[in-house]
């Protein structure tokens, strides 16, 4: 179940900050004016008016900066235990639905009616649902097919020929076309999907490393540890320590 934690307006003059940290909760930044940039999991993010940036729980964020006369945004903290792996870290709120939901959530929180938490949880669930809709709206069919195959077979080891056979495509053609769309091979994409699910399990549960490795189809906990550190820049033990701070 998605749970509301807090919501606030955030205004800041242009500045830059080099820092390295991770959040305990998932966060959404709904940008109303100005520009925002950061590196999230090593990925460069540039956001402007109408953009929404997702900071997943347990993910390392560095090099934040704010540009323009004034950065104005709505800042939502929440817990999203079922957040899909490989979700984009930024979407464009072209229809303004997320901005409207953010304003409603601010108004509901400002009312200080503590007996209505279900309403706040409902608004946050709607925000998460709209974020997913926007993230998947323009996703190419090939990418969607590969991602969905990875979700269905998350706990199973499989090879490129298994995926290509499922997609009814030649292996070389699948690699070439997928890389043109995503900048990485389909197997690298699916490995990242496994690791993101492992990160979520490591951060949100106390499951032993071997159990997590089995659940994400890697099997060997030592290999999982090595791949995890290479992907996210922190080890699983460090990630769990950050949760307790």
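Quick one: in the range 27-38, of everything that is modelled with pLDDT under 90 and buried (at least 16 other Cβ atoms within 10 Å of the Cβ), which residue is nearest to the chain's Cα centre (by Cα)?
38
Looking only at helices (runs of 4 or more DSSP H) that fall completely inside the range 76-180, which ones have 1 or more residues that are under 17 Å from the mean Cα position of the chain (by Cα)?
97-110, 117-137, 141-152
When you go through 195, 244, 239 one by one, which is the residue that is touching a helix residue (DSSP H, G or I) at 6+ places or on another chain (Cβ under 7 Å) and either surrounded by fewer than 18 Cβ atoms within 10 Å (Cβ to Cβ) or modelled with pLDDT under 85 (or both)?
When all the criteria are applied, what remains is 239.
Would you tally the residues in the range 160-180 being surrounded by fewer than 13 Cβ atoms within 10 Å (Cβ to Cβ) and touching a helix residue (DSSP H, G or I) at 6+ places or on another chain (Cβ under 8 Å)?
Count: 2.
In the list 150, 96, 102, 107, which residue meets the criterion of being over 21 Å from residue 55 (Cβ atoms) and surrounded by 17 or more Cβ atoms within 10 Å (Cβ to Cβ)?
Checking each option against the conditions leaves just 150.
If I filter the range 192-208 for residues that are farther than 20 Å from residue 81 by Cα and assigned to a loop (DSSP other than H, G, I, E, B), do I get at least one hit?
Checking the range 192-208: not a single residue is farther than 20 Å from residue 81 by Cα and assigned to a loop (DSSP other than H, G, I, E, B).
The values are calculated or read from the model by the stated rules, or taken from the named source; none is laboratory data. It should be emphasised that the depicted structure is a prediction, and the values quoted were computed from it without experimental measurement. Ideal geometry is used to build each Cβ from the backbone, glycine not excepted, and the neighbour counts take in all protein chains shown.
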